[in-house]
1. Going by the structure shown, is Gly67 surrounded by fewer than 21 Cβ atoms within 10 Å (Cβ to Cβ) and assigned to a strand (DSSP E or B)?
2. Checking the condition surrounded by 15 or more Cβ atoms within 10 Å (Cβ to Cβ), of a type in the set (Asp, Glu) and within 16 Å of the ligand (Cβ to nearest atom), which residue from Asp259, Asp227 passes?
3. Those residues that are touching a Gly at 6+ places or on another chain (Cβ under 9 Å) and either open to solvent by 10 Å² or more (accessible area, probe 1.4 Å) or of a type in the set (Val, Ile, Thr) (or both), I need them from the range 232-247; list them, please.
4. Out of the residues in the range 138-158 that are of a type in the set (A, V, I, L, M) and crowded, with 17+ Cβ neighbours inside 10 Å, which is nearest to Cys42 (Cα to Cα)?
5. For a quick check of your reading of the model, give me the residue pairs whose first member lies in the range 256-281 and is within 23 Å of Leu58 (Cβ to Cβ), whose second is in a loop (DSSP other than H, G, I, E, B) and open to solvent by 40 Å² or more (accessible area, probe 1.4 Å), with beta-carbon atoms closer than 6 Å and at least 6 apart or on different chains.
6. Go through the range 159-203 and give me each residue that's away from the ligand (no atom under 16 Å from the Cβ), open to solvent by 40 Å² or more (accessible area, probe 1.4 Å) and closer than 30 Å to Phe214 by Cβ.
7. Quick one: which residue in Val19, Val38 is among the β-branched types (Val, Ile, Thr), crowded, with 21+ Cβ neighbours inside 10 Å, touching a strand residue (DSSP E or B) at 6+ places or on another chain (Cβ under 8 Å) and in a loop (DSSP other than H, G, I, E, B)?
8. Of the numbered conditions (1) open to solvent by 20 Å² or more (accessible area, probe 1.4 Å); (2) under 23 Å from Glu134 (Cα atoms), Ala207 satisfies every one except a single condition; which is it?
Amino acid sequence: TDIDAKLYEPMRRHTTMLVGGPAQYWIEPHSFEAFAAVVNCCRERGIAMRVVGRGSNLLVRDGGIRGAVIHPTGGAFTECRAEDGKIIAGAGVRLKKLASVAQAAGIGGFEWMEGIPGNVGGALRMNAGAMGTETFDQVVSVTFLDEDGEIRTRSREAIVSNYRDVPELRRNFALQAVFEGKPDTAEAIQGRWDASRAKRRASQPVAASAGCIFKNPTEVPAGKLVDELGLKGSGEGKARVSEVHGNFIVNGGGATASDVLAMIERIKASARETRGIELETEVKV
Ligand code: EPU
């Protein structure tokens, strides 16, 4: 069949932070039609649902998730190919894979994706970005399941994308997208790929994390702020602020979601009291 499902699947297996309790229904549709059937079924029955890709920007509480957690994977969801100088990728394709398919096809501009531990669907939903580029800079069109249960395609011009947020993709679920880059040589692409990796390795931790925890406020980058507050290295339970970058909370091994949430609250309180800055999580909590 083109759907696999499990009951009470631990979400710590499906998040890069390696924390989180069970998903009541863990459902893996392997085709757009199967995905639509699952979503429409949940909508008809009033079952809470959310879609999770690689779980890299997600903090699941220890109590888990009631309802359905839908993880698109396999079939068209994990297909990625170059066509007419563009890249067509399913929602379940890893960004690193997209970048390497582009490189092999001589299409540059995707190198910033090399180290992002996310899938295409999540990157579209949150307009993921790094190294000065964001996902929607390179989107040509997005195919999605809309609120009426219909599969539609819309061009970038017709989609509002903000810093780390694409409002329309909250209830319309991305299935696939077409991306564009610039024709380039393999060597030039490899050079930018290596530069991106070197910069990331020097400035971001390798330990389990959910990437940047807070959105950058207008006043100062969140990582710099946490650094100035003297909180790098401080911990709650088994969760602690990375010594490498102040906007990362890392799982030191065996952390719980409560540990991470306590650390988040401590940072927010410190930023509020010391600088009058209200930090907002970038990670979905
Ligand atoms: N800084 C410090 N101390 C720190 C961390 C940073 O002083 O502990 C300073 C840096 O020296 C730099 C400034 O703060 O002057 C900004 O830091 P960085 O260049 O690392 O970028 P960022 O704003 O912290 C953003 C994205 C990252 C992305 C990087 C690289 C957000 C919230 N974060 O980080 O995205 O990888 O740029 O392009 O927009 C993510 O979304 O999960 C993420 C990691």
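1. Values: surrounded by fewer than 21 Cβ atoms within 10 Å (Cβ to Cβ): yes; assigned to a strand (DSSP E or B): yes.
Yes: the conditions hold for Gly67.
2. Working: Asp259 fails: within 16 Å of the ligand (Cβ to nearest atom).
The unique qualifying residue is Asp227.
3. Taking the range 232-247 as the starting set, the residues that turn out to be touching a Gly at 6+ places or on another chain (Cβ under 9 Å) are 232, 235, 237-243, 245-247.
Once the filter is applied, which keeps residues that are touching a Gly at 6+ places or on another chain (Cβ under 9 Å) and either open to solvent by 10 Å² or more (accessible area, probe 1.4 Å) or of a type in the set (Val, Ile, Thr) (or both), the range 232-247 yields Lys232, Gly235, Gly237, Lys238, Arg240, Val241, Glu243, His245.
4. Going through the qualifying residues, I end up with Leu145.
5. Thr256/Asp62; Ala257/Arg61; Ala257/Asp62; Ser258/Asp62; Asp259/Gly237; Asp259/Lys238; Glu280/Lys215
6. Of everything in the range 159-203, those that are away from the ligand (no atom under 16 Å from the Cβ), open to solvent by 40 Å² or more (accessible area, probe 1.4 Å) and closer than 30 Å to Phe214 by Cβ turn out to be Val160, Pro167, Glu168, Arg170, Arg171.
7. Values: Val38 fails: in a loop (DSSP other than H, G, I, E, B).
Result of the check over Val19, Val38: Val19.
8. Result: Ala207 passes all but (2).
The values are calculated or read from the model by the stated rules, or taken from the named source; none is laboratory data. Just so we're clear, the structure is a prediction, and the values are computed from it rather than from any experiment. For neighbour counting, all protein chains shown are included, and Cβ atoms are generated from backbone atoms with ideal geometry for every residue, glycine included. Note: accessible area is taken over every heavy atom of the protein model, side chains too, but ligands, DNA and RNA are not part of it. Shrake-Rupley method; radii C 1.70, N 1.55, O 1.52, S 1.80 Å.
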